[in-house]
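Below you'll find the structure, written out as structure tokens, and then a few comments.
Only the coordinates and a few stated rules stand behind these numbers; no lab work does. Note that the coordinates shown come from a computational prediction; the quantities given were computed from them, not determined experimentally. Cβ sites come from the backbone with ideal geometry, for glycine too, and all protein chains shown count toward neighbours.
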Amino acid sequence: MALVNLKQLVSAAFHHGYAVGSFNVVNMETLQAILQVAEEHHSPVILSVAEAHFPFVDLEEFSPILLRAARKAKVPVALHLDHGQSLPAIVTALRNGFTSVMFDGSTLPLEENIAKTREITRMAHAVDVSVEAELGHVTGGEDDTSPGVADPSLFTDPQEAELFVAETEVDALAVAVGSVHGIYQGTPELDIERLAAIRDLTGVPLVLHGGSGLSNDDFRQAIAAGIAKINVYTDMSQAAMARIRTVDTLPQRLGFPEFMLLVREAIQEAVAEKMQIFGSVGQCN
Ligand code: 13P
């Protein structure tokens with residue numbers, strides 16, 4: 001099965017009413033956990049490396065490992081740069097064999113976001129790499145531990161989305177419809193009508209960032225309204241941290257490698273739960 005580009009994965013999901021999970025890889029444990037679960041559950045998967053995590057993941061050093069793992073996998077895997085903010089980060093991902101890049105120009109004025117995204121789309125498509133971009137702005141950052149709330153003034157405008165997709169030819173569009181990165185303050189409310197309007201006007205698979213802390217019903221409605229890729233990180237990170245806190249209460253004393261296995265198990269449970277909810281389980285039997 002192995003390494004594919006993002007467009008292949010999300011187009012299938014978009015047309016068949018499920019979403020593919022995009023899980024952030026920050027080390028070997030996260031990589032192994034995500035791939036093991038995907039294979040066990042016959043689920044396509046997206047391995048994401050965020051530019052914000054470059055201090056933990058040296059892309060030049062880690063990419064050969066990611067590529068080998070993806071190529072060997074028994075399920076289709078896309079290797080994706082998450083929230084690329086700079087041209088050097090995008091080019092580094094392209095040079096290192098990634099099959100998909102996200103250019104995040106969501107804080108730029110519309111015209112500038114369009115111009116920069118179009119430049120990247122031309123370059124990436126020339127080497128068969130998919131492009132995701134963001135319009136509107138999903139607040140909060142990777143590893144944000146302070147609770148956040150969505151800002152409706154930054155939600156994606158459906159008409160702007162139509163123009164943006166036509167001008168840039170992106171393969172997938174990340175939208176701001178009520179989700180935030182990190183932990184939610186209060187109960188999040190997704191603007192499903194807005195989401196459906198964006199889907200109808202753009203026709204491209206949509207991406208939901210901030211997939212930790214939403215309810216099963218939120219996911220079900222979002223997928224029905226055009227979401228075909230869901231990004232998850234905080235739930236994996238929190239599951240790992242919660243398991244680490246139990247270590248001193250265990251009857252046996254663990255060595256370092258056994259301890260890391262325990263962390264991996266916690267991440268696997270978090271990833272498996274999401275794949276079930278997203279409907280990607282069994283999609284590549
Ligand atoms: P969470 O950390 O809220 O799950 O969001 C992840 C994300 O959107 C990465 O781009």
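Summary table below
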| read-out | value |
| --- | --- |
| Student exercise, the chain dipole from Lys, Arg, Asp, Glu Cβ charges, in Debye to nearest 20 | 980 debye |
| Student exercise, the range 144-235 dipole from Lys, Arg, Asp, Glu Cβ charges, in Debye to nearest 20 | 260 debye |
| Neighbour net charge for I277 - beta-carbon separation under 12 angstrom, K R +1, D E -1 | -2 |
| Per residue convex hull volume, Cα atoms of the range 58-133, in Å³ | 80 Å³ |
| Degrees between helix 158-168 axis and first principal axis of the chain (Cα, 0 to 90, nearest 10) | 90 degrees |
| With Cα atoms, 0 to 90° folded angle of helix 192-202 axis to the chain main axis | 60 degrees |
| Charge dipole (the chain, unit charges on Cβ, about Cα centre) - positive-most of V207, F23, A266 | A266 |
| Straight-distance crosslink candidates among aspartates and glutamates, where the alpha carbon sits under 17 Å from K74 and sequence neighbours closer than 8 are dropped | E39, E40 |
| Whole-number D in µm²/s for the range 1-148 (Stokes-Einstein; Kirkwood sum over Cα pairs; 37 °C, 0.692 mPa s) | 209 µm²/s |
| Most positive-pole-ward Cα, H181, S153, L163, against dipole of the range 151-191 from beta carbon charges | H181 |
| Rg over Rh [alpha-carbon atoms, Kirkwood Rh] for the chain | 0.95 |
| Percentage, to the nearest whole number, of Cα pairs in the range 1-69 over 17 Å apart | 45 percent |
| Alpha-carbon gyration tensor eigenvalues x 5, square-rooted, for the range 112-177, Å | 25, 15, 8 |
| Choice from S22, S237, S215 with maximal GNM fluctuation in the chain (Cα, 10 Å cutoff) | S215 |
| Chain lengthening between M260 and V91 when straightened (0.36 nm per residue, less Cα-Cα) | 57.6 nm |
| Debye-sum result for the range 123-268 in log10 I(q)/I(0), which assumes one identical scatterer on each alpha carbon, at q = 0.09, 0.15, 0.21 Å⁻¹ | -0.36, -0.79, -1.21 |
| Sequence-distant lysines (8 or more away, or on other chains) whose Cα lies within less than 19 Å of K72 | none |
| Degrees, to the nearest 10: 110-126 long Cα axis against longest axis of the chain | 70 degrees |
| Residue range of the chain that is longest and free of trypsin sites (Lys or Arg not before Pro) which are both DSSP loop and sparsely packed (at most 15 other C-beta within 10 Å) | 75-252 |
| Shape box of the range 182-272 [Cα atoms, principal axes, largest first, Å] | 57, 26, 17 |
